[in-house]
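Below: the structure, in structure tokens.
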Amino acid sequence: MELTISGIAKRFGAVEALRGVTLAVQPGEFFAILGPSGAGKTTLLRIIAGIDKPDDGTVLIDRRDLSQIPVRSRNTAMVFQTFALYPHLSTFENLAYPLREARVPGDEIKRRVGEIAEMLRLTHTLARKPGTLSGGEQQRCAIGRALVRRPQLLLLDEPLTNLDAKLRHDTRAEFKRLHRELKTTTIVYATPDQLEALSMGARVGVLNHGKIVQVGTPSDLYEMPGDDFVASLVGDPPINLVPGTLRAGAGGPSIDMPFLGLDAAPWRKSLNGFPAGTRLKVGLRPQAIWPRGGSEKGPVFPARVFLTEPLGDVTILDIVVGGDTRLRMVLPQEQAYKIAVNDAIECSIDLEQVCLFTQDTGTAISRAGVEAAA
Ligand SMILES: Nc1ncnc2c1ncn2[C@@H]1O[C@H](COP(=O)(O)OP(=O)(O)OP(=O)(O)O)[C@@H](O)[C@H]1O
Ligand SMILES: [Mg+2]
């Protein structure tokens, strides 16, 4: 099912929940909507589901206006953020409910509920009521209820929020498998968690204050964030944003940071219109900073280790540079074990992984030959 959303606006009193959202989701695509709490994710999904009406704009499903499609033939299912199962019904009856409503014959209900339960690993719970199910089983039951009618468009609103870390990990994999098995079902998946959005979405639309600020593949968003908001949202640990000032020099432009000067050659073309002295933000991914090892491609600077946070396979280091600038870096454990708090170390930056933004609007300044997706 193809989904085309144009110019959707929605206001609740003084709150502009959505401000001109335009998106095109391909048939069978797994599309993630990533945005912080209050960005408008639930509002958008409810409008796509046809539960709420937008103040402005249109939702087209396979090029037909949603408002013209009768509710019964919409073929859309939504799993709500605060899902509610019928507490007095067993898992079997919860899953069967949408089919009974659609007057599907008993034999077929049995077969289809059996299939869905198998797929979602709920078979052992079929006779039990929701109150006796674990959080994850309840969540899967809610998802099963949405899937049992084989919707062509599945809307998922933060479906993993109530699960613990291990179950989240498993369920992420489960969703990808499910999407593969369902083949033609288009999925729109809203989440505030960048890891979920990037690991599952073929494309991700980033929503901020009711506006889509960027749409792209996970690697587009990571490598070419359109602004500092997307840069901060995508990537873990979050990107370091350091103030910088543009300088003109005989050898070409450079960027002064409190602890280091950077050659601005990669951005030269885009920086053309900017006068010397322009304030910038330099985005340094924690993964782009390394202790000096001898084969540096980029510039080297001294640092002092402020904090170490060992996470098992990697360690996050907090370092202080140039007086009082704090930077986060992340190292594989075999490199990090030698480094202790208060050590003086030398680090280097991989210039290829540096992003540049304007200070005032936060808009990305692109590198030569690289355009961020709008
Ligand atoms: N029925 C309503 N009445 C008034 N304001 C509302 C209503 N529904 C949503 N809002 C407001 O609209 C904005 C967007 O809300 P929405 O629930 O869509 O955000 P969200 O991205 O789903 O957030 P979360 O991640 O916390 O679920 C918020 O500021 C919210 O307070
Ligand atoms: Mg929500």
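The values are calculated or read from the model by the stated rules, or taken from the named source; none is laboratory data. Model, not experiment: these values are computed from the prediction. Glycine also receives a Cβ, built like all others from the backbone with ideal geometry; neighbour counts cover every protein chain displayed. Ligands, DNA and RNA are stripped out before the accessible areas are found, and what is left, the full protein with its side chains, is counted by its heavy atoms. Shrake-Rupley method; radii C 1.70, N 1.55, O 1.52, S 1.80 Å.
Remark: pairs (first residue in the stretch 40-67, at positive phi; second residue β-branched (Val, Ile, Thr) and surrounded by 19 or more Cβ atoms within 10 Å (Cβ to Cβ); Cβ separation under 8 Å; 6+ apart in sequence or on different chains) = GLY40/VAL21; GLY50/VAL59; GLY50/THR76; GLY57/ILE5; GLY57/ILE8; GLY57/VAL21. If only residues of the stretch 131-162 that are outside any helix (DSSP H, G or I) and within 16 Å of ligand 2 (Cβ to nearest atom) are counted, the one that is modelled with the lowest pLDDT is ASN162.
Results for (1) under 24 Å from GLU181 (Cα atoms); (2) out of contact with any Ser or Thr (no Cβ under 6 Å at 6 or more places or on another chain); (3) of a type in the set (S, T, N, Q), shown as yes or no for each residue.
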| position | (1), (2), (3) |
| --- | --- |
| ILE8 | no, yes, no |
| ARG11 | no, yes, no |
| ARG19 | no, yes, no |
| GLY38 | no, yes, no |
| GLY57 | no, no, no |
| ALA77 | yes, yes, no |
| PRO98 | yes, yes, no |
| ARG103 | no, yes, no |
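When the stretch 69-82 is filtered for residues that are crowded, with 18+ Cβ neighbours inside 10 Å and not aliphatic (A, V, I, L, M), the ones remaining, listed by number, are THR76, PHE80. Only residues that are charged (D, E, K, R), more than 19 Å from THR171 (Cα to Cα) and part of a loop (DSSP other than H, G, I, E, B) were counted in the stretch 67-125, giving 2.
The single residue among ILE239, ILE212 that is away from ligand 1 (no atom under 14 Å from the Cβ) and either farther than 28 Å from ILE143 by Cβ or not assigned by TED's automatic domain parsing to the domain that holds LEU327 (or both) turns out to be ILE239.
Checked against (1) open to solvent by 50 Å² or more (accessible area, probe 1.4 Å); (2) without any contact (Cβ under 8 Å) to a residue 60 or more places away in the chain; (3) within 16 Å of ligand 1 (Cβ to nearest atom), LEU163 passes all but condition (1). Within the stretch 94-111, is even one residue within 16 Å of ligand 1 (Cβ to nearest atom) and assigned by TED's automatic domain parsing to the domain that holds GLU158? Within the stretch 94-111, not a single residue is within 16 Å of ligand 1 (Cβ to nearest atom) and assigned by TED's automatic domain parsing to the domain that holds GLU158.
A count restricted to the stretch 345-369 and to residues that are touching a Phe, Trp or Tyr at 6+ places or on another chain (Cβ under 8 Å), on the phi < 0 side of the Ramachandran plot and in a loop (DSSP other than H, G, I, E, B) stands at 4. What about ILE33, is it touching a helix residue (DSSP H, G or I) at 6+ places or on another chain (Cβ under 6 Å) and touching a residue at least 60 places away in the same chain (Cβ under 8 Å)? Yes; evaluated as a whole, the condition is true for this residue.
Away from ligand 2 (no atom under 13 Å from the Cβ), touching a helix residue (DSSP H, G or I) at 6+ places or on another chain (Cβ under 6 Å) and among the small types (Gly, Ala, Ser): which single residue out of GLY50, GLY7, GLY57, GLY20 fits that description? Criteria check complete, one pass: GLY50.
Does PHE92 satisfy the criteria of being surrounded by fewer than 22 Cβ atoms within 10 Å (Cβ to Cβ) and within 16 Å of ligand 2 (Cβ to nearest atom)? When the stated conditions are applied, PHE92 does not pass them.
Does ALA231 meet the test of being of a type in the set (Gly, Ala, Ser) and either open to solvent by less than 40 Å² (accessible area, probe 1.4 Å) or without any contact (Cβ under 8 Å) to a residue 12 or more places away in the chain (or both)? So ALA231 fits the description; yes. Scan the stretch 10-20 and give yes if some residue there is outside any strand (DSSP E or B) and either more than 13 Å from ligand 1 (Cβ to nearest atom) or surrounded by fewer than 17 Cβ atoms within 10 Å (Cβ to Cβ) (or both), otherwise no. Yes, some residue in the stretch 10-20 is outside any strand (DSSP E or B) and either more than 13 Å from ligand 1 (Cβ to nearest atom) or surrounded by fewer than 17 Cβ atoms within 10 Å (Cβ to Cβ) (or both). If you take the residues in the stretch 21-68 that are β-branched (Val, Ile, Thr) and within 8 Å of ligand 1 (Cβ to nearest atom), which one is surrounded by the fewest Cβ atoms within 10 Å (Cβ to Cβ)? Here the residue is THR42.
For the stretch 237-255, the set of residues classified as within 15 Å of GLN353 (Cβ to Cβ) and open to solvent by 50 Å² or more (accessible area, probe 1.4 Å) consists of PRO238, LEU241, listed by residue number.
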